[in-house]
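For reference, the structure discussed in these notes is given below.
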C-alpha cells in the first residue's frame, strides 16, 4: 500500500495502548488509512474530535507527539497480472526481492456481490482424495475450512488440493504462518512448476499479529480482480483463520468492547462472513473458491471460532489420525460439503450419492462394533465383517494419500460392498444394485 | 413521502455502523434518516436518543463518513411498499428489488423500487359505490400469478368512509386511482393499488385471532405424522450446523400447502439464496401445478450485507405476510436464521454500551422474539373470510447448546419444536429431527384433534402416539443392549429395538433429494404408518439375535424401496407382495 500524503500534521496523541492510539483531529473519515510515526494505521472509531487508530504493527515506541498523516483512502491493493508468481506482506509490499507491482488501486473489503448476479455453483473440483471427492465433494464457488488440531498435516493437504485442483489462479493468504510452513509452501509450489499461477500474501509468526487482519482482505481483493476482470477460476487458501480471529479479539479488547462467547468480539459472525462470502461463481465463468484452515484446540468445535465458521461456510473437513492403519484420514462422520448435492450423481456417476451414503453408514456400523468390542462384548458375524470392511475402506479411500479419480473411488466402494456384505445389508436402490453390484471380488 | 428536509443534524461520531448525530430538531425513536457522505445518501434508523445526541444504526457501510457530515431526518419510520407484483421478487432486507440493480456489486446508497410502476393489472371491483368501508376492507382484486390479490382500503386510513366512486373492471397501473372514498367530514381520499406500512408495527385489521385448528401439510413425514405444524401456528428448528436445517426448510418451502411462501434468508449464505431462485422457477407447486417461484417471495439478506438490514429483513417478511393474510390467504414464512437477527441486535447493543444480558445479548431479547412470533396466527377478517400466517424459524444455537439465550427465548414463544440432533446427522439419518425431544403443542388442541379425526382417520392420533412410544422404547432397548451386550439381554429386546428401527428408517428418514421420496402426501403417510405399525404388532419367531437384525434389515430394505416407488403403482404393489413374503417367513400369527 502506498499513499500520497496530502496532509502532514503533528497531532497530540492522547491515549496509547498495545494495538490502538487515540488522537485529536477533525479531519479523519471512518475506515481510512493513516500513517502514525511511519506506521500504517486505520481509523476504527470516531467520537467527536477523538479518533481511534488501529496501528497494524503495534504501538511500541509511538510518542505522544507522533507525526500523523491521514491518507483519505481506505486500505488499497494495486492489482494487475503482475501479481502472478509473487510474494507479498500484509501491506501488499513484495517480500521476494522483486520490484513493486504496477496496477490499478482497489479498495480492500469492497461491496457485496448482488445475489441475483451469482450463478449456482455446478463445477466440481477434483482433488484425487477420496475423503473429499467421494464423501465431501468440493465445488467451485464454495467456501470450506479444514477443522484440524495443530499437529495434523493440514498444510500438506492444502498444498495437494491446490496443485491438483486445476485452478487458473491460486492465492495463498498466510495468516500467522510459521516461517517453516511459509518455506514449505514456497518449495512445493516451486517444485511443481506452478509458481506463475500463484499469488501469496504472507504474515509469518515473526510479524506483528494485528497485521494479520489485512491478509484475508488482500488475498480476496486480488482474487476478485482475477475472477472478475480476468474471468479466472481462482482458489484462495487461508491458513490459519483462527489466528485472524485472535487478532480481532485483541483489537476489540483494546477498544474496551464487551466480548461475547470465548472472549471473541460480538461481531465475529459478521467479521468472518464478510470474508467467506467472497466465495462466488459468476455466470461469466470466473469463480472464487475458498479453502481455509481453522485450527481447533483439543478438537473442540463448540468454541466460538469453529462454531461461527461452521454456520458461515458450506461444510467443513475434519482430519483425524486412524491409528489402525497409521494414516491421517478425512473423517467421514464429522466432515460435510454442503454443495456436493449440486454435482454428485449429476457431474459424477449416477450411483455416487447412494454409494457414498451406504459406505458411510456401514463405516458407522463398524464404529458401533468397535465400541462393543472395547466393552468386552462378543461380536456378531456382521460386526466382524463391518470391522474388516472399515479397515479397508479407511486404507483404500479415506486416507489422505489416496490419489485416484472418482469412478475408481466408486468402483472400489462396490468392490468392498461385494466382498464383505450381502445385498440387503448395503440397501441401495434396486436399479443401481442390479447395474453395479459386484460379488466377484 | 414528501422530502421536506426541514429536520437536519450533523454527524458527531462513528463506530462501525453506529453513528451519533447532534440535532436541535425534534426527532422520533425509530425515525429514518439519510446521512450524506459525498454524493451518497446512506439510510439509517434512530435507535436511541439522549438529549441532543441521537444514536443511529446505519444500514450501509460507513466507510469514508466524517464528523460534520449532514443528516436529513424524514419524519417516517422504516416503511415498505405493499401492492400487486411482490410475488416472485427477490428483495433485500429493506425491500429493494435486487434484480433491478444491473451492477455486479450492490453499491452503497443504491435502492430500487419494490413494485413495477408500468405493469398493468386486470382489476375487478369487489365493492360498489355507496358501500361503507374501513381500513383493510376489500375494494377489488387483481390476479397476481395464481393468487387473488385483493386491493385493500389502505391500513393507514382511520375511521369509516363511503365509496364515492370505484373504477370499472379493466387494466390499471398500480398508481392509477381505482376508488375515491369520502367520510362524514367530506374528507376525500383517492385510493390506488399501493400503500405503505411501517415494518415494526403489526397489521391488526381483523376481527378475531383464533386458535389454530388445521394441519399445515409439508410432505415431510416426521413433521406431518409425528410433530404436525398447524396452519397459523409457529414453530422453530434449532440445530447445530450440518444437521440439515436448510435442507429441511427448503423441502417445506417446496411442498407446503400455502398460497404464498415468504422465504427470509436472514444473515445466511448467498449460495443458498441462489439455490432457491435457480431451482424454484423450474419446479412445480405439487398442489396447483404452477411454478413454485410464482408463489414465493425471497427476502435476501446475506451474511455479508450490513448488519442493521438483517434485523429489518425479518420484519419486512412479516409485514408482507400480514398484508397477504389480510386478503384471506394462507401465508407461510420460513426464516433462516433468527439467531443471526439476535446477533445483529447484540452487535448494536454492544456498540451502544448497554449493560449486557446472558451471553452479551440485549436484556429485552426474550420480549423482542415473543412479540415477533405473536404476529403470526390464524385470523378471521371483517368480511368473515379467514387468513393465516404460519411462521417457521430456524435457530443456530452457538456450540450446538440448546440452553443458549436465543433458543431458550424462542422456545417460550413458538409452539412446535423441531430439535435436530447431531447424533442423527452423524449417522446420516436425515431429516435429523429427534422424535423424542421434539414436540408439537398443537397435537394437544382439541380442535386440532378433531380435524385430524375428520381429515386423516379416527385412529390417527392413537397411531401416532403408539409410534412415538415405540420409538422411545426402542431407544431404551438400544441402551440396554449396549450396556449388557447382545447376548446379555432377552431376544425380545432385539426384536423391540428393530421394530423401532423400522419406524425410524421408514417414517422418520426421508430422502429430500429423491423425486418420489422427497414429498409424501398425507394419504400416503397414513398408509405407511399403518403398514409399519402392523409390522410392530406382529409376533415373529427367531433362533438368535443375529437372525433378528438380518431379518429386519431385509424388511427395512423392501420398505425403503417402497418409499422410493410411485404410490400404488404396479411396482409398488409388487414390492408390497415381496414384503408380505418376507413377513410370512418368520411370522407366528
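Please treat every number below as a calculation from the coordinates, not as lab data. As the structure is a prediction and not an experimental result, all values here were calculated from the model. All Cβ positions, even for glycine, are placed from backbone atoms using ideal geometry, and neighbour counts span all protein chains on display.
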Problem - Descending Cα extents along the principal axes, the range B:7-77, whole Å - result: 27, 20, 17
Exercise for the section: Before rounding to the nearest 500, sum -39500 (n - 2.57) across all DSSP H runs of length at least 4 in chain B and divide by the residue total; then give [θ] at 222 nm in deg cm²/dmol. Expected result: -9500 deg cm²/dmol
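Distances longer than 48 Å among the Cα atoms of the protein assembly as shown: what percent of all pairs is that? Before the final figure, lay out each step's value.
Values: 163338 of 529935 pairs.
Above the 48 Å cut-off, the protein assembly as shown has 31 percent of its Cα pairs.
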Completion exercise
The alpha-carbon center of the range B:142-171 and that of the range B:208-268 are separated, in whole Å, by 31
Handout entry: Sorted largest first, extent of chain A alpha carbons per principal axis (Å)
Key = 83, 48, 41
Problem - Sorted by Cβ density within 10 Å, fewest first, the residues B:36, B:250, A:352, B:51 - result: B:51, B:36, B:250, A:352
Exercise for the section: Sort the range A:156-198 into rounded, prolate or oblate with this rule: let a ≥ b ≥ c be the square roots of the eigenvalues of the Cα gyration tensor; rounded if a/c is under 1.5, and if a/c is not under 1.5, prolate when a/b is larger than b/c, oblate otherwise. Expected result: prolate
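Based on the mean of other beta carbon atoms within 10 Å per residue, what is the order of A:339-348, A:176-185, most packed first?
On the way: A:339-348: 20.2, A:176-185: 17.7.
Highest to lowest by the protection proxy: A:339-348, A:176-185.
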Handout entry: Kirkwood Rh, Cα atoms: Rg over Rh of the range B:182-255
Key = 1.20
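Given a Förster radius of 22 Å and the C-beta distance between residue B:572 and residue B:450 as r, what FRET efficiency does 1/(1 + (r/R0)^6) yield to the nearest 0.05?
0.10
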Problem - Cα Rg, Dmax, the range A:8-70, angstrom units - result: 9.8, 26
Handout entry: Debye log10 I(q)/I(0) at q = 0.16 Å⁻¹ for the range B:343-499, Cα point scatterers
Key = -1.10
Exercise for the section: Determine, from the Cβ-Cβ distance of residue A:17 and residue B:364 and an R0 of 22 Å, the FRET efficiency 1/(1 + (r/R0)^6), rounded to the nearest 0.05. Expected result: 0.10
Practice task
Quick one: compute the contact order of the range B:266-315, relative version, from alpha carbon pairs under 8 angstrom and 6+ residues apart, as a percent.
Solution key: 48
Problem - For chain B: span of alpha carbons on each principal axis (Å, largest first) - result: 90, 56, 43
Fill in the blank from the handout: The relative contact order of the range A:110-189, taking Cα pairs under 8 Å that sit 6 or more residues apart, comes to a percentage of 25
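With r defined as the distance between the Cβ atoms of residue B:534 and residue A:37 and R0 fixed at 60 Å, what FRET efficiency is calculated, to the nearest 0.05?
Values: r = 82 Å, r/R0 = 1.37.
Calculated transfer efficiency: 0.15.
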Completion exercise
Computed from every Cα-Cα pair in the range B:121-196, P(r) in 5 Å bins starting at 0 and rounded to whole percents is 3, 18, 30, 27, 15, 5, 2, 0
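Treat the count of other C-beta atoms within 10 Å as a stand-in for reagent exposure and order B:168, B:279 from fewest to most. Display every interim value, and only then the final one.
Working: B:168 8, B:279 15.
So the ranking, lowest neighbour count to highest, is B:168, B:279.
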Exercise for the section: Take the alpha-carbon centre of the range B:10-25, take the same for the range B:489-565, and report the distance between them in whole Å. Expected result: 63
Problem - Reciprocal of mean inverse Cα separation for the range A:352-436 (Kirkwood radius, Å) - result: 13.4
Exercise for the section: Note the angle between two axes, namely the Cα long axis of helix B:307-325 and the longest principal axis of the Cα atoms of chain B, as a number of degrees from 0 to 90, rounded to the nearest 10. Expected result: 80
Handout entry: Burial ranking of peptide ranges B:313-326, B:209-222 (average Cβ count within 10 Å, highest at the top)
Key = B:313-326, B:209-222
Fill in the blank from the handout: Simple spin-label estimate for residue A:434/residue B:10, 7 Å along Cα→Cβ, in nm, reads 8.3
Problem - Computed over the range A:278-377, Kirkwood Rh from alpha-carbon pairs, angstrom - result: 16.5
Completion exercise
Per the rule of 0.36 nm per residue minus the C-alpha distance, extending residue B:279 to residue B:167 adds in nm 36.4 nm
Practice task
Treating the angle as unsigned and between 0 and 90°, give the value, to the nearest 10°, between the Cα long axis of helix A:215-224 and the longest Cα principal axis of chain A.
Solution key: 80
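Over the range B:7-77, what is the relative contact order in whole percent, taking alpha-carbon pairs under 8 Å and six or more residues apart? Don't jump to the answer; show the numbers that get you there.
Values: 176 pairs, mean separation 29.9, N = 71.
Computed over the range B:7-77, the figure is 42 percent.
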Completion exercise
With Cα coordinates, the longest principal axis of chain B makes an angle with the long axis of helix B:570-586, in degrees rounded to 10, of 40
Completion exercise
Kirkwood Rh over alpha-carbon pairs of the range B:466-527 plugged into Stokes-Einstein at 10 °C, 1.306 mPa s gives a D in µm²/s of 122
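Once Rh for the range B:208-441 is found with the Kirkwood sum over Cα pairs, what is the Stokes-Einstein diffusion coefficient at 20 °C and 1.002 mPa s, in µm²/s?
Translational D for this selection: 120 µm²/s.
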Exercise for the section: In a Gaussian network model over chain A where Cα atoms closer than 10 Å are linked, find which of A:44, A:236, A:139 has the largest mean-square fluctuation. Expected result: A:44
Practice task
Please list the radius of gyration and Dmax for the range A:115-262, considering alpha-carbon atoms only, with Å as the unit.
Solution key: 16.4, 48
Fill in the blank from the handout: proj_area_mean for the range B:460-589 (convex hull on C-alpha atoms), units nm², value 8.1
Completion exercise
Cα-based Rg/(2.2 N^0.38 Å) for the range B:206-305, rounded to two decimals, is 1.15
Problem - Shape of the range A:239-330, Cα gyration tensor, a/c cut at 1.5 - result: oblate
Fill in the blank from the handout: Using eta = 1.002 mPa s and T = 20 °C, Stokes-Einstein with Kirkwood Rh from Cα pairs puts D for the range B:376-467, in µm² s⁻¹, at 135
